[in-house]
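The values are calculated or read from the model by the stated rules, or taken from the named source; none is laboratory data. Just so it is clear, the model here is predicted, and its values are computed rather than measured. In this analysis, Cβ positions are derived from the backbone assuming ideal geometry, glycine residues included, and neighbour counts consider all displayed protein chains.
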Amino acid sequence: MRLASCAGYVVIALGLAASVASAADVKQLAAALGTGSPAERHAAADALADQGIAAQEAIPQLMTALASSDAELRWRAARALGIIGDAKAVPALRKPASDMEPLVRAQSIFALGRLKADDKDSLAAIVAGLADKEAQVRHAAVRSLAMIKADRKVTIPLVVKLLEDSDPNVAARALSAIAEGGAESVPALNAALMHPEARYWACLALSEMGPQAKDAVAGLKNVLADERPQVRMQAAIALAEIGPASKPAVPELTKLLGDKFESVRNSAVFALGRIGDKTAADAVAKADKPSDSYLHMLCTWALARMNPDDKQRQKAAVEELASKLGDKDRDAAQMAARAIAELEPPAEVIRPAMEKVMAGADAETADRIINAYASLGARILPLAIQALQDALPTRRERAMRVLARVGPEAAPAVPDLVGIIQGNDLKQKAEALYVVGAIGPAASAAVPAAVASLADADAQVQQTAAYALGKMGPAAKGAVPALQRLTASSDELLRLAAVWALLQIGPMSDELVKTAVPLLSGALTSPREMVRIEAAMSLGQIGKPAAAALPALEKSRQDPSSSVRGAAAEAIGKIKG
């Protein structure tokens, strides 16, 4: 079922809400919940929410509204009950926590959190939300559990039972939500490590949490002895993601270097390298097998991590890993790129190694090298800025790709990028504008050059200039007049780019919204994934005035891209309030 809404309805509802709220007549509002038109019922529920605790007299009518056939009214009633804050609404809110409409489920679960509903039945309803198919419901469940701060003796068994679910998809969704809880979720996951069927899933969640899960090291150390290789492997990976705080597990990880399963041995080397404890160096050196390319790379990286002051070893490791960036085995090549990034070599070490590999590299290998460069962040800037001034166009282009991935830290390169933007090479001009956008507000010195590019004869340059100005946000307010003119362009993509940029720069006007909503709604069907994502996010940014885009956003919830689906769901939540 789709929740019906339109821009006209929002205007009517908001106007009615304002008028009835001013009367402060709770009885009248409560009566309107059952007797008014749909718009009046919705507005009455919103007005009661605005009244807060003063609207307690309307609780019976709001609880009745939870069973309405009107989904719009159900979620508004749930929200109002949570805001009013009377615990007697708790039993009534449990049922809509499993409503067929995601927004009703989310608002009901969040209301239970607001009401501190720590009874077993309510907690079971909230915990079930952790595994919901919709992100907004999972987020509501996480926030509710954080607000309630329930007794762990009650919540832990519920979480463990959820992780033991036979459907891996259910457990995976729940893990994602649990991991968002950060350190507060560690006690529940520690308890899950004690249960054989939940253990693997708990290790996955702790891996996602990384260093925040340091209090789980003791439990993970014990799991390294599990009889199942996949569980041992995942426990080692979790310890690796936690990092140096996993040092107490080094002896047990060292034992796994002799495990009969290759995946477990590799995971142990990875964990020991991440932990960086030099006491394991001899064991890792003995486990190294040059004939096993993947294991050899891992050991080379791990030993370099354990000996950060050994400059010669660092140099040799980078050179060896760089030579694997073009490996036919894509996994091995990507692992080499990540390994170089984690070693964080200085520019004088990485440049000769990379230049050697870059000569004659195919596009995929070149991309890995760019990533390895960019992973150095600000430390690569002198080298990249120098390359911007190189006579060879390919080196300038490569440097710009690196800078785009470095992002805001690349601000010192802006003067040189402005020089390229003001040049005559259209391809490099567009690339430089893209980099300026990636740097964001810190690139405000490039605003005049970007504004001038809006009048370029090349459409790609114009569109990229609009993108760059939008990414700079309010810092690009000087571009507003030029962008406003482009909203009347005959080029649909350019109009869309200009409208998007104006929304990012702000402030948002009624006229801009009127122009933006249909354009952005149309962009939801663009063949380019990033355009669809940005369109959905922008509609969410507009909020309630973008109600006319709801039908298009509902369709986008079926988009092939999970990123588009997520952006659409989030936008719908923002528009509906």
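Structure notes:
- Gly377 vs. criteria surrounded by fewer than 23 Cβ atoms within 10 Å (Cβ to Cβ), modelled with pLDDT under 90 and on the phi > 0 side of the Ramachandran plot: yes
- Restricted to the stretch 26-113, the set of helices (runs of 4 or more DSSP H) holding at least 1 residues that are under 23 Å from Ile572 (Cα atoms) comprises 38-51, 59-65, 71-84, 90-94.
- Total residues in the stretch 386-396, condition buried (at least 18 other Cβ atoms within 10 Å of the Cβ) and either touching a strand residue (DSSP E or B) at 6+ places or on another chain (Cβ under 9 Å) or not small (Gly, Ala, Ser) (or both): 2
- Scanning the stretch 374-422 for residues that are among the acidic types (Asp, Glu) and in a helix (DSSP H, G or I) yields Glu397, Glu409, Asp416.
- Flag set for Gly543, criterion: at positive phi and either over 29 Å from the mean Cα position of the chain (by Cα) or in contact (Cβ under 8 Å) with a residue 24 or more places away in the chain (or both).
- Residue match in the stretch 471-488 (condition: basic (Lys, Arg), surrounded by fewer than 22 Cβ atoms within 10 Å (Cβ to Cβ) and over 30 Å from the mean Cα position of the chain (by Cα)): yes
- So Ala549, is it touching a residue at least 40 places away in the same chain (Cβ under 8 Å), in a helix (DSSP H, G or I) and either surrounded by fewer than 23 Cβ atoms within 10 Å (Cβ to Cβ) or not β-branched (Val, Ile, Thr) (or both): no
- Filter result for Arg565 (basic (Lys, Arg), out of contact with any Leu (no Cβ under 9 Å at 6 or more places or on another chain), part of a helix (DSSP H, G or I) and over 19 Å from Thr487 (Cβ atoms)): yes
- Any chance Ala97 is without any contact (Cβ under 8 Å) to a residue 60 or more places away in the chain, over 27 Å from the mean Cα position of the chain (by Cα) and crowded, with 16+ Cβ neighbours inside 10 Å: no
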